[in-house]
Each structure stands twice: as C-alpha cells, then as structure tokens.
Amino acid sequence: MSAAHAGPAIAAPTGRAPWSADRVLLWSCVGIPLAGLALFFLYPLATVAWRSLVEKDGSVGLGNYAEVFATRGVLTATLNSLVMSTATTVVSVGLGFAIAYGLDRSCMRGKAAVRLALVLPLLAPSLVQGLGLIFLLGRNGLVHRWTGWEIDIYGFWGLLISNVFYALPQAVLILQAALRNMDARYYDAAEVMGASGSRQFFDITLPNCKFGLLSAAFVVFVITITDFGNAAVIGGNYRVLATEIYSQVSGQMNFGMGSVVGILLLLPSLISVQIERVASQRQFGSASPSGLRVTPQPARGRDAAFTAGVLLASGTIILTVATVIFASFMRLWPYRMEWTLKHYDITVSGGYTPLWTSLYLSLAAAGGGVLLLFFLSFGVCRIPRAWAKLVYLVSVLPVGVPGLVLGLSYIFAFNAPGTPLYALYGSAALIALCNFYHYHTQGFLTMMTGMRAVPQALEEAVSCLGGGTLRVLRDAVLPLIGPTVLGVFFFLFMRSMVTLSAVIFLVTPSVSVAPVSVLRLDEAGFVSQAAAYSTLIMLVVGGSLLALRALIAAAARRRT
C-alpha cells in the first residue's frame, strides 16, 4: 500500500494513425483492465452505498444511519476499533523502528532469524497469531499448565498482541526502506563536525525518517482496524467494527445496518490511505538518486543490545507460530503431549476440499491478475498524460477499501437473481475476483515500478527496427520485467491463500476456502485441527515462496 511514491512515467505515443493496430492494442491494454475495475470494484462499492440508504420497509432515507448511531453496541465497537488500532499502531511502529534500525544500522547477530520471524506472519491467515497465543497463554495453554497462573488472554490485551505480531512485518519493511533512503554523506559531514552518535540520530536519522514513520503508522492503523481473523479468535467480548459487520450480516441478516457499519469502517481507511500516500510521496520523492547507502560500523555495546532486544521480539513471533505447528502434532493439547498425525485427518468443515479450492482460486487470481496488471501498467505508461493520471487514480483506489467491505459489496452486486452477474454468485471464480481486486493496488504499483525500469532507449531501438507494440512487449519489456511479474504473481497468490476478511461473506456450503475452514474449526472447538490446517497453509505458501526465489535466481543466472 505504501508504494504510491510517484506518479506514473508517461510517454504518449506519437506519429501513429488514430486507428492503427498498435493504437487499438494499446487502448485495449488499458480498457479491458479498466472494465474489470468498473465491474468488480466500482459497481459493488456503489451497491453498498445504496443499500446503506435502503431502509427495512424499502424506502430510501437515512434511517439506517440513525439506527446505527442510536445503537450502543455499534458505537462501542467503533470506539474499541479506534482504541485498538491506535494502540497497535503505537506499539508496532515503535517496535518496528527498533527492529528496522537494528537490521539496517547495526552489526547485530541473528539477522536471518529476524527475517524469518518477519516472514512467518505473512504465510498464514491473521488468526494464526491469536491461535498461537491461546495455545501459550489461554486457559489450557502451556503457561497455565506449567505454572498454574490464570491469564485472561481473551479481550483487549490478547487482541493487541496478536495484532502487533500481524502488522509488525509490514511496518518493518516500510521503515527499512526509509532508513535505506538516507544519504551516508550527511553522516560523514556530521562526523567531521564532531557530532556524537546520539546527536546524529536525533538531528539526521529521525527527521529524515519522519515520513516513513508516518507511512508505517497509517499502514498499521488500516491493517488493524480492518482485520477480522484475530478479533474473531481472541477478541472475546471486546467487539470491534470488523466483528460487528459480521454479526449484523451473517448473524442478524441486517444488510442495511451492515452496510452502514461498512461505510463507518471505510471512512477511516480512506483518510488513512490518503495521508499515507502523501507521506510516502514526500519520503521517497526526496531521495537523491546519487545518494550513498549508510554502512553500519561495529559497536560492541550497541550491537549486543540490538541482538538481545530484536531477537527477543522476533523470537516471540517465532515461538507463537511454532506453538501452533507443534500443537497440531499433539494428541490432546496440553494434557496428552504425544506425537500423532490424527489431527491432519480432517473430515469436518469440508475436509481438505477448501484447501484445494484455495490453491486453485489463488493460482487463478494470481495468473489472471498478473496479466491484467501487466497490460494495464504497460498501457498507462504510453497513453496521453491526462488519461494516464485518471487511470492511475482509479487503479490505486482499491487500497483504501477494507476486505470486509469489498466482500459485503459482492453480496449486494452479484446476489441479484435475474441479472447476468448472478451466475457468478456462490462460485470460486467470484472469490478469486474478490481476492484480486482486494490487492489490486499493491500489485499495480509494483508492476508500475518494474515497468519504469525498462529503458526507453531499448523500446525506441525495437521501434526503429520496425517492431510494433507486440514486438516491443516481447523483445524489450518482457525480458526485463520478468522478476517483477513473478513477484506480483507470488504476492497475489500468497494473499489469496491467507486472506479471510475479504471472503468470509462469499463462501457457501459447497464452496469454501482454507482460512475460513481454520476459523470454522476453531469456532467448533477443534483447535488442534485448526492448527493442522494452518500448518498446511503455511507449508503451501512457504513452499511457493522458496520456488519463487529459485525461479528468480535461475532467471538472474540466465541474464548473466
């Protein structure tokens, strides 16, 4: 989400006939993905806004809004969401900055273990962090079993810890980028002037990192306020907006109220995204292309402190996820700690069918999504500037829409008997589409970054040799943008495999996905089987990540 650092680099085509084959192909590259955005993003969102105005008797008005603001539970959930998101943001950004600083500005030991800890939360549904905390600190957790301590992990504190674990990797990535963006020459000049290390930190590092801190803060805020998995598993009686939407729609079938709560959830997300975009543009727009990267020098005391502190925080994340994996092999947690595979013999909640469904639809979302994003970014870089700005704006809009709101909008848009769109309702294809458009912005911005890296001189050389748009794509663009395409493919695949909030409303008794099965197993009390299912999801996504790295390495060797 934080990749919106610069506007698109536009090179409008010149010297071509208005209706030449190349011009038609170019506008097709833009028009087809835009049609998809209109049909599967803009139209569903419009239905949510409309349904929020439709009252129970069928009339149109603001009755649903008045009812929401008069409902104490919704107001409490709104306040809880704001408090929880703010607390998670403060903790995650503070801890994330310490970890990023340790990785980038110190010679601490164990950096590989820290990077592993930061990857683990991205390989599994968000609720895995909550599940791990329950195994460790719950009423039947290891800590209670070993010490007898009564720890009430459900509620605010448990949700805060699990949210921090889930949001921390993304905060660290943004803050590392901000730290790497600084020019080492500032520090060299400060060294010559006799500035101490602490003076350099407060006068150079923090001021130059302020927009990165702001960007990380708003990313974490949006992630937290829109997350459903952790709140459903470990939130207990601490209700937030995400669980309130689910309760209104799935529990009470109150679609009007659910739409209003969705609008409430949408507003802070959109405001946060806009502020984050401004911060990102200032942070990365101020970078010097000729800047020198800071190289950390060994300092025994500092490095030892970062090694201890950062490894402690990272080890906690690894321990939480490892406990979930370990519990999946125990016969009866935590009373009969005997190794067994019986929890992997899952016959309830659809068995392994949802896992295979997740795999198929994730491959479909990633494959189809990469094609659409590739052609869209290729076209945006070549159409006239005025049109390109408009297309760019529409393409980044999905980043501000929470998954729950998008999933709810799909119910309204596609559950309409008598319309052609109704054929998609209840299908795996609709879930794949929802997953793709949920993460459309991140994939688009990444693809745009790769597209800008293609030298314009190379494209001009192909054109001068008589090559049209297809030859430019084949001979100039594809060979250089291959690693970016693979990266976007894996990103879409990974997020489709683990996302829960965007699809919780779209599953049916006949079509479900793996993250929902984990939630259903946990709700039914099959916590060890939920752990087993989570382990398999992590295995699939982690194996895909290793395969991606191998492909990128092989491509790099071929180029050299």
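Figures for the structure shown
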item	result
For Ser250, solvent-accessible area (1.4 Å; no DNA, RNA or ligand), Å²	50 Å²
Ile318 accessible area, assembled protein chains, probe 1.4 Å, Å²	50 Å²
Taking the convex hull of Cα positions in the stretch 180-253, its mean projected area over all directions (nm²)	7.3 nm²
Separation in nanometres of the label points that stand 7 Å from Cα toward Cβ, at Ala423 and Glu67	3.5 nm
Which of Cys107, Cys434 is most accessible, then next, and so on - probe 1.4 Å	Cys107, Cys434
Cα→Cβ-extended label distance, 7 Å offset, between Leu397 and Arg300, nm	6.1 nm
Förster-model FRET efficiency, 45 Å R0, Thr449 and Thr147, C-beta, rounded to 0.05	0.35
Solvent-accessible ranking of Leu421, Leu179, largest area first, probe 1.4 Å	Leu421, Leu179
MRE, 222 nm, helices only [DSSP H, n ≥ 4, -39500 (n - 2.57), over the chain, to nearest 500]	-22000 deg cm²/dmol
Answer label for volume of the Cα convex hull per residue in Å³ (calculated), chosen among [x] 180; [y] 211; [z] 134	[x]
Selection from Ser196, Tyr410, Phe491 lying farthest towards where the dipole of the chain points positive, charges on Cβ	Ser196
Lysines with Cα under 27 Å of Lys111, excluding same-chain neighbours fewer than 8 positions away	Lys210
Surface accessible to a 1.4 Å probe, Thr508 within the full protein complex, Å²	40 Å²
Portion, in percent, of the accessible area of the stretch 123-232 that falls on carbon or sulfur, probe 1.4 Å	60 percent
The stretch 153-183 versus the stretch 397-439: alpha-carbon centroid distance in Å	29 Å
Gain in span if fully extended, Thr353 to Trp50, counting 0.36 nm per residue against the direct Cα distance	105.5 nm
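The values are calculated or read from the model by the stated rules, or taken from the named source; none is laboratory data. Keep in mind that this is a model prediction, so the values were computed, not measured. Backbone-built Cβ (ideal geometry, glycine too); neighbour counts: all protein chains shown. Side chains are part of the model used for accessible areas, which takes the heavy atoms of the whole protein and leaves out ligands, DNA and RNA. Shrake-Rupley method; radii C 1.70, N 1.55, O 1.52, S 1.80 Å.
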